[in-house]
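Asker: Have a look at this one.
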Amino acid sequence: MAPDSNCRHRDVEAARGVGANDGTNQAMASKTEQLRAVYDVHGEKLRFLVVGAWNTLFSYALFAVLLYLLGPILKPLALSENTLVQWIGAHYYLVVQWLAWVVAVPQSTLTLKWLVFRSKGHWLSEIGRAFFVYLPMQGLSTVMLWLFSGVLGMPPLLGQFLTVGIAAVLSYLGHKNFTFKAPAE
């Protein structure tokens, strides 16, 4: 081979990843295999974190929008002569929290179904089970929001924000072990 063609041959090999780059390519392939192995073991948890972040953002934004829209309507009810209506007006943020929850649960369940757990079950029954899983957390969130905002005087948006971490952990455990658990064969 002429010296000039030998240089071109090495350039082509280098461009294809042959020759001097073999060690680099093997190292990258090895890293890719390692990442794939980690994903095979922990992919569901990673997907849950990503989808959970979206679901949390969605439900928090929905709470904020409903608080903005319904707060001015519900707050004046605190001046009512009816005790129940007074309570609703005084704790309007709890009413808003429950309304947001009713809308957010189906959205959350469907994203978890399709993107995290990849469940083959019927979506409507899974939404029903998800309400059951979320109900204790919603009760806990209601108490926490009342404590933060009603007792400690924090703004409702801050109080709602503080309840999210606990709800996320309990949500994962509930969905993993109940909502999307594969039936026993």
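Asker: Within segment 44-74, how many residues turn out to be in contact with a helix residue (DSSP H, G or I) (Cβ under 7 Å, 6 or more places away or on another chain) and within 22 Å of Gln138 (Cβ to Cβ)?
Answerer: Number satisfying all stated conditions: 17.
Asker: Pull up segment 149-166, narrow it to residues that are more than 16 Å from the chain's Cα centre (by Cα) and of a type in the set (A, V, I, L, M, F, W, C), then point me to the one that is surrounded by the most Cβ atoms within 10 Å (Cβ to Cβ).
Answerer: So in segment 149-166, the residues more than 16 Å from the chain's Cα centre (by Cα) come out as 149-159.
Within this subset, residues satisfying the condition of being of a type in the set (A, V, I, L, M, F, W, C) are 151-152, 154, 157-158.
On the way: Val151: 9, Leu152: 10, Met154: 16, Leu157: 14, Leu158: 12.
So, considering only residues that are more than 16 Å from the chain's Cα centre (by Cα) and of a type in the set (A, V, I, L, M, F, W, C), the one surrounded by the most Cβ atoms within 10 Å (Cβ to Cβ) is Met154.
Asker: Is at least one residue of segment 155-169 closer than 22 Å to Val103 by Cβ, among the hydrophobic types (A, V, I, L, M, F, W, C) and not in a helix (DSSP H, G or I)?
Answerer: No, that holds for no residue.
Asker: Restricting attention to segment 110-131, which residues are of a type in the set (Phe, Trp, Tyr) and either exposed (fewer than 13 other Cβ atoms within 10 Å of the Cβ) or under 15 Å from the mean Cα position of the chain (by Cα) (or both)? Outline the logic, then answer.
Answerer: First pass over segment 110-131, keeping only residues of a type in the set (Phe, Trp, Tyr): 114, 117, 123, 131.
Selection gives Trp114, Phe117.
Asker: Could you tell me which of the residues Arg47, Arg36, Arg129 is under 13 Å from Ser171 (Cβ atoms) and among the basic types (Lys, Arg)? It would help to see each step written out before you state the result.
Answerer: Working: Arg47 fails: under 13 Å from Ser171 (Cβ atoms); Arg36 fails: under 13 Å from Ser171 (Cβ atoms).
It is Arg129.
Asker: Now, a different point. Can you name every residue in segment 167-185 that is among the hydrophobic types (A, V, I, L, M, F, W, C) and either surrounded by fewer than 13 Cβ atoms within 10 Å (Cβ to Cβ) or within 23 Å of Val65 (Cβ to Cβ) (or both)?
Answerer: Residues of segment 167-185 that are among the hydrophobic types (A, V, I, L, M, F, W, C), as a first pass: 167-170, 173, 178, 180, 182, 184.
The answer is Ala167, Ala168, Val169, Leu173, Phe178, Ala182, Ala184.
Asker: Would you call Val65 loosely packed, with under 14 Cβ neighbours inside 10 Å and at pLDDT 95 or above?
Answerer: On the way: loosely packed, with under 14 Cβ neighbours inside 10 Å: yes; at pLDDT 95 or above: yes.
Considered against the rule, which asks whether it is loosely packed, with under 14 Cβ neighbours inside 10 Å and at pLDDT 95 or above, Val65 comes out as yes.
Asker: Looking at (1) in contact (Cβ under 8 Å) with a residue 12 or more places away in the chain; (2) under 30 Å from Tyr39 (Cβ atoms), which is the only condition Arg118 fails?
Answerer: (1)
Asker: Further question: Could you identify the single residue in Val41, Val102 that is farther than 22 Å from Trp123 by Cα, among the β-branched types (Val, Ile, Thr) and exposed (fewer than 14 other Cβ atoms within 10 Å of the Cβ)?
Answerer: Among Val41, Val102, only Val41 is farther than 22 Å from Trp123 by Cα, among the β-branched types (Val, Ile, Thr) and exposed (fewer than 14 other Cβ atoms within 10 Å of the Cβ).
Asker: Name the residue that is surrounded by the fewest Cβ atoms within 10 Å (Cβ to Cβ), counting only residues in segment 135-148 that are of a type outside the set (Val, Ile, Thr) and closer than 18 Å to Ala61 by Cα. Explain how you work it out, then say what you get.
Answerer: The first filter runs over segment 135-148 and keeps only residues of a type outside the set (Val, Ile, Thr), leaving 135-141, 144-148.
The next check asks that each one be closer than 18 Å to Ala61 by Cα; those that pass are 138, 141, 145.
On the way: Gln138: 19, Ser141: 23, Leu145: 24.
Residue satisfying both the conditions and the ranking: Gln138.
Asker: Could you tell me whether segment 80-93 includes any residue that is buried (at least 18 other Cβ atoms within 10 Å of the Cβ) and within 26 Å of Phe132 (Cβ to Cβ)?
Answerer: yes
Asker: Name the residue, out of Gln97, Gln107, Gln86, that is under 19 Å from Gly52 (Cα atoms), in a helix (DSSP H, G or I) and more than 14 Å from the chain's Cα centre (by Cα). Before you say what the answer is, go through the steps one by one.
Answerer: Working: Gln107 fails: more than 14 Å from the chain's Cα centre (by Cα); Gln86 fails: under 19 Å from Gly52 (Cα atoms).
Selected residue: Gln97, the only one of Gln97, Gln107, Gln86 that is under 19 Å from Gly52 (Cα atoms), in a helix (DSSP H, G or I) and more than 14 Å from the chain's Cα centre (by Cα).
The values are calculated or read from the model by the stated rules, or taken from the named source; none is laboratory data. Keep in mind it's a predicted model, so treat the numbers as computed, not measured. A quick note on method: Cβ atoms are made from the backbone with ideal geometry, for glycine too, and the neighbour counts reach across all protein chains shown.
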